[in-house]
Amino acid sequence: MEEVTLISDPLEARLLAPEPGRAVRVGLAVPVSGTLGMMGPAVLSCAGLAVAELNAAGGLLGLPVELVLLDAGREPREVAADAADLVRTGAIAGLVGTHASDVRVEVVKALAGQVPYVYTPPYEGGESAPGVYLLGETPGRQLRPALGWLVTARRARRWALIGNDYVWPRRCNRAATAYLHAAGATVVATRYVPLGCLDPEPLFDLLLRTRADAVLLTLVGSDLVAFNRAFASTRLDRRVLRLCAALEENGLLGAGGDTSGELYAAMGYFGNVATDAGLDFVERYTHRYGWQAPVLNGHAEASYDGVRLLAALAERAGSLDPAQIDATSDGTTVTGGRGRLTVAGRHVDQPVYLARADGLDFDVLRAF
């Protein structure tokens, strides 16, 4: 398989921008530091697989693709300023982002539609800026069916909502409140904590005081890991059901696994989903990186889809010009570990899976 050029220093990318007709450079904004830094290795691997496959098939618009790493684990405005500088200097012609929504908000403003920007993780919905394409699950697809099923099948009626303090958790919890009320459940508490500042004990006290029998967690990264690891040592772990909106295989491993039978996750991809597309993706990933590769998960697989989607959008438009891509984007398709995804209104629709933690892995229960 073709080698992948990854430029890890944005300054180097700015100083050594590719000559016209030599290569297409794509920015890859992913946290390699901070609360979400744990997602970096697997995301880089999946994006690298996408680029290797593209280059083996002739590249993007007939040119080889190179990746430029942008650490999206820093302050949102700092990330956005670096992304805008890379675009201004001609160092990148497009951007794929797998990072938090507060970073996306700032990046969208800073780029102002100058280059196509594919955003891959679950997000809160509502993004409509020109040149921005959204692959991630929105609350209506990710949370509504999972919450409804848990209320009905598990009789989870008294919910606490606990998340980090930024746009994605707040918007998700606002939507979840409406979904729970419609399903006949009650929200008994809502709390937000700053990124990287989790103290779980007051949150456990809150669950006890409010007699919650379920909690929706929109914590992310190391905060979610710390909460679940501490939760397992309390008397709550077999009494209070947990549904996580950002828990994937890395996070479950980081928490030491879970055997309570009460820890659930809703995501558009799990590495053990036994579909033809999922099995084929695992085989290609393992063939490239071996069995010791970073564990596959929803965030990482989405970065593969993001790179492939950027290429498919450009090929369909015959250009990386965002206006031309916007005009031709509907109907663009890409196939990865989730199966075939089709763009409509600069978003894609996709199945969402509800899984339950079973030791160090997930048992996928339902597809919605």
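Brief remarks follow.
- A single entry from ARG308, ARG346, ARG338, ARG284 fulfils the requirement of being over 24 Å from LEU61 (Cα atoms), in contact (Cβ under 8 Å) with a residue 60 or more places away in the chain and either charged (D, E, K, R) or exposed (fewer than 14 other Cβ atoms within 10 Å of the Cβ) (or both): ARG338.
- Residues (under 26 Å from LEU36 (Cα atoms), of a type outside the set (A, V, I, L, M, F, W, C) and open to solvent by 30 Å² or more (accessible area, probe 1.4 Å)) located in segment 144-176: ARG144, ASP165, ARG170, ARG171, ARG174
- Against the criterion of being closer than 22 Å to SER222 by Cβ and in contact with a Leu (Cβ under 7 Å, 6 or more places away or on another chain), TYR133 does not qualify.
- If you filter segment 84-123 down to residues that are more than 13 Å from the chain's Cα centre (by Cα) and basic (Lys, Arg), you find that the one that is surrounded by the fewest Cβ atoms within 10 Å (Cβ to Cβ) is ARG88.
- Within segment 314-335, restricting attention to residues that are part of a strand (DSSP E or B) and without any contact (Cβ under 8 Å) to a residue 40 or more places away in the chain, the residue that is most open to solvent (accessible area, probe 1.4 Å) is THR333.
- Hey, GLY27 in contact (Cβ under 8 Å) with a residue 40 or more places away in the chain, touching a Leu at 6+ places or on another chain (Cβ under 9 Å), under 18 Å from LEU309 (Cβ atoms) and not basic (Lys, Arg) or not: yes
- Of all residues in segment 177-202 being among the aliphatic types (A, V, I, L, M) and either open to solvent by 50 Å² or more (accessible area, probe 1.4 Å) or closer than 23 Å to ASP102 by Cα (or both), the one that is farthest from the chain's Cα centre (by Cα): ALA182
- Just one of the listed residues (ALA100, ALA129, ALA57) is under 30 Å from PHE368 (Cα atoms) and without any contact (Cβ under 8 Å) to a residue 24 or more places away in the chain, namely ALA129.
- For segment 165-220, a residue qualifies if it is among the β-branched types (Val, Ile, Thr) and closer than 20 Å to LEU150 by Cβ, and the qualifying residues are THR177, THR186, VAL187, VAL188, THR190, THR210, VAL215, THR218.
- Among (1) under 16 Å from GLU137 (Cβ atoms); (2) in a strand (DSSP E or B) - the single one ALA302 does not satisfy: (2)
The values are calculated or read from the model by the stated rules, or taken from the named source; none is laboratory data. As the structure is a computational prediction, the values presented were derived from the model and not from experiment. Don't worry about glycine lacking a Cβ; one is built from the backbone with ideal geometry, like all the others, and counts go over all protein chains shown. Side chains included, ligands, DNA and RNA excluded: accessible areas come from the protein's heavy atoms. Shrake-Rupley method; radii C 1.70, N 1.55, O 1.52, S 1.80 Å.
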